[in-house]
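Take a look at the structure below.
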Amino acid sequence: MNHFIRMNKKEEQFRKIIIDNENKIQGICKYYSINDSDQQDMYQEVLINIWKSIDSFRGDAQLSTWIYRVAVNTAMGFANKEIRRQKIFLDQKDSSLQYLIDVDENTAKEKEKLFQTLENQINQLSVIDKIIITLVLESVNHKEIASVIGITESNVRVKVHRIKLELKEALKSFNL
Amino acid sequence: MKIMKKDKTNNMDLESLISELGSKDTKYKKMMKRFQIVFLIFIFLYAGLFIINPDSDLTIYDRIAGVCYVVAFTLFTMQFRLLHKKFKQVNYFDPVKKVLEEAEKRYRLWNKNQLLIGVAILCIDAASILVMFDRFNERWTLWEFILIVQLLYVLIIGIGFGFGYLRWRNESRPIWLSAKALLKELEEE
């Protein structure tokens, strides 16, 4: 009887977490999925991992931070049995890309080229930098990124600054 | 640009290696459980054969050897239990840095916990001398016998370590190295 009560409580908690954080999870998944079905698969995988590890969430971090951790670590393949691509896919319509590149100054053709180059350059970044950049593009603040990764906020700031410089430098060398 | 090109190759390796973490952990978890069961069976088997067995042919040396074997197998069982627990308790949803730190510890060649294995090996060594001495004491003196057994034992243990090291180098070292490299990258400002 106690088991059923516990399961019901867990299910209720799980549902609430998913409803409250659906956009955050989808947000991370979209960067690691080439199409909708791939994104849906990853979303399901993140949900499964949340369900499996919900009991281990002790509240020592914010719930949203924990959700990002599960999503990012699932996407990066730490918990997977199969090797994941770990490739980042950007959405041209994504307004947060403005954070990395100035798209307004370019024509449509130039924008396309710029976007492709940016995506390629992001995929050449290290695993850690990829995690950071996806969180930055998801507008996650530096403090929360630090908590997701386990480094200091100032270290995150330095890394974000360096990644942006690297990307800008790379785009410059492509005459963009 | 040059730096980024160099990174590309390294990162692709790191990514594929680190993504093997989950599958390797599951594999080792199962392996540790199996070893635990095997050594548990050995404990009962050797306790039955050397300690409980009422056979009057068994000398006091055989009985002491039996105790040594049982102690050694108990230590092995404890070690595999600890390792199984370690692999079972992995939480992939801790902060990335913690996940990597734990992985780096798990996949090291040498951990101080493995001292238990060293004690177990010495116990088996002692037990082997005690068991065999009665059967060979007419051909060699005690010291000759101990020397021969030690040489053989060191050779066998050496071959065992050699195979273990090769296995570690092929299977665990890549994960250990990539975890270390990622940790180094994380710590860089």
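The values are calculated or read from the model by the stated rules, or taken from the named source; none is laboratory data. Predicted, not measured: the structure shown is a model, and the values here were computed from it. Positions of Cβ are backbone-derived with ideal geometry, glycine not excepted, and every protein chain shown enters the neighbour counts.
Which numbered condition in (1) assigned to a loop (DSSP other than H, G, I, E, B); (2) within 14 Å of the chain's Cα centre (by Cα) is the only one that A:ILE151 fails?
With respect to (1) assigned to a loop (DSSP other than H, G, I, E, B); (2) within 14 Å of the chain's Cα centre (by Cα), A:ILE151 is out only on (2).
Checking the condition under 15 Å from A:GLU138 (Cα atoms) and polar (S, T, N, Q), which residue from A:ASN8, A:ASN21 passes?
A:ASN21 is the lone residue from the list that is under 15 Å from A:GLU138 (Cα atoms) and polar (S, T, N, Q).
Restricting to the stretch B:141-161, name every residue that is of a type in the set (Val, Ile, Thr) and part of a helix (DSSP H, G or I).
B:ILE146, B:ILE148, B:VAL149, B:VAL154, B:ILE156, B:ILE157, B:ILE159
Conditions (1) within 14 Å of another protein chain (Cβ to nearest Cβ); (2) part of a helix (DSSP H, G or I), marked per residue:
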{"residue": "B:ASN91", "(1), (2)": "yes, no"}
{"residue": "B:LEU122", "(1), (2)": "no, yes"}
{"residue": "B:PHE133", "(1), (2)": "no, yes"}
{"residue": "B:ARG139", "(1), (2)": "no, no"}
{"residue": "B:PHE163", "(1), (2)": "no, yes"}
{"residue": "B:ARG169", "(1), (2)": "no, yes"}
{"residue": "B:TRP176", "(1), (2)": "no, yes"}
{"residue": "B:ALA179", "(1), (2)": "yes, yes"}
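Please list, ordered by first then second residue, the pairs with beta carbon atoms under 9 Å, 6 or more apart or interchain, first in the stretch A:97-125 and under 13 Å from A:LEU167 (Cβ atoms), second at pLDDT 70 or above and of a type in the set (Gly, Ala, Ser).
So the pair list comes out as A:TYR99/A:SER139; A:THR117/A:ALA170; A:LEU118/A:ALA170; A:ASN120/A:ALA170; A:GLN121/A:ALA170; A:GLN124/A:ALA170.
Going residue by residue through the stretch B:92-110, is there one that turns out to be at pLDDT below 95 and over 30 Å from A:PHE57 (Cβ atoms)?
yes
From the list A:ILE163, A:ILE149, A:ILE128, which residue is buried (at least 17 other Cβ atoms within 10 Å of the Cβ), more than 9 Å from chain B (Cβ to nearest Cβ) and either farther than 20 Å from A:LEU63 by Cβ or not polar (S, T, N, Q) (or both)?
A:ILE163
Yes/no per residue for (1) within 19 Å of B:VAL71 (Cβ to Cβ); (2) in contact with a Phe, Trp or Tyr (Cβ under 9 Å, 6 or more places away or on another chain); (3) among the aliphatic types (A, V, I, L, M); (4) surrounded by 13 or more Cβ atoms within 10 Å (Cβ to Cβ):
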| position | (1), (2), (3), (4) |
| --- | --- |
| B:TRP110 | no, no, no, no |
| B:LEU147 | no, yes, yes, no |
| B:LYS180 | no, no, no, yes |
| B:LEU183 | no, no, yes, yes |
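Of everything in the stretch A:47-64, what is modelled with pLDDT of 90 or more and either aromatic (Phe, Trp, Tyr) or within 19 Å of A:ILE132 (Cβ to Cβ) (or both)? Give them in sequence order.
A:TRP51 - this is the single residue of the stretch A:47-64 that is modelled with pLDDT of 90 or more and either aromatic (Phe, Trp, Tyr) or within 19 Å of A:ILE132 (Cβ to Cβ) (or both).
I need the full set of residues from the stretch B:93-120 which are more than 14 Å from chain A (Cβ to nearest Cβ), under 30 Å from A:VAL70 (Cβ atoms) and touching a residue at least 24 places away in the same chain (Cβ under 8 Å), in order please.
B:ARG108, B:ASN113 - these are the residues of the stretch B:93-120 that are more than 14 Å from chain A (Cβ to nearest Cβ), under 30 Å from A:VAL70 (Cβ atoms) and touching a residue at least 24 places away in the same chain (Cβ under 8 Å).
All but one of (1) surrounded by 19 or more Cβ atoms within 10 Å (Cβ to Cβ); (2) modelled with pLDDT of 75 or more hold for A:ILE101, so report the exception by its number.
Against the list (1) surrounded by 19 or more Cβ atoms within 10 Å (Cβ to Cβ); (2) modelled with pLDDT of 75 or more, A:ILE101 comes up short only on (2).
Would you check if B:ASN113 is part of a loop (DSSP other than H, G, I, E, B), at pLDDT below 90 and of a type outside the set (Ser, Thr, Tyr)?
no
Can you name the residue in the stretch B:40-81 that is surrounded by fewer than 17 Cβ atoms within 10 Å (Cβ to Cβ) and polar (S, T, N, Q) and, of all such residues, is farthest from B:ILE117 (Cα to Cα)?
The extreme case among them is B:SER56.
Just the residues that are among the hydrophobic types (A, V, I, L, M, F, W, C), without any contact (Cβ under 8 Å) to a residue 12 or more places away in the chain and touching a Leu at 6+ places or on another chain (Cβ under 9 Å), please, taken from the stretch A:129-176.
A:ILE151
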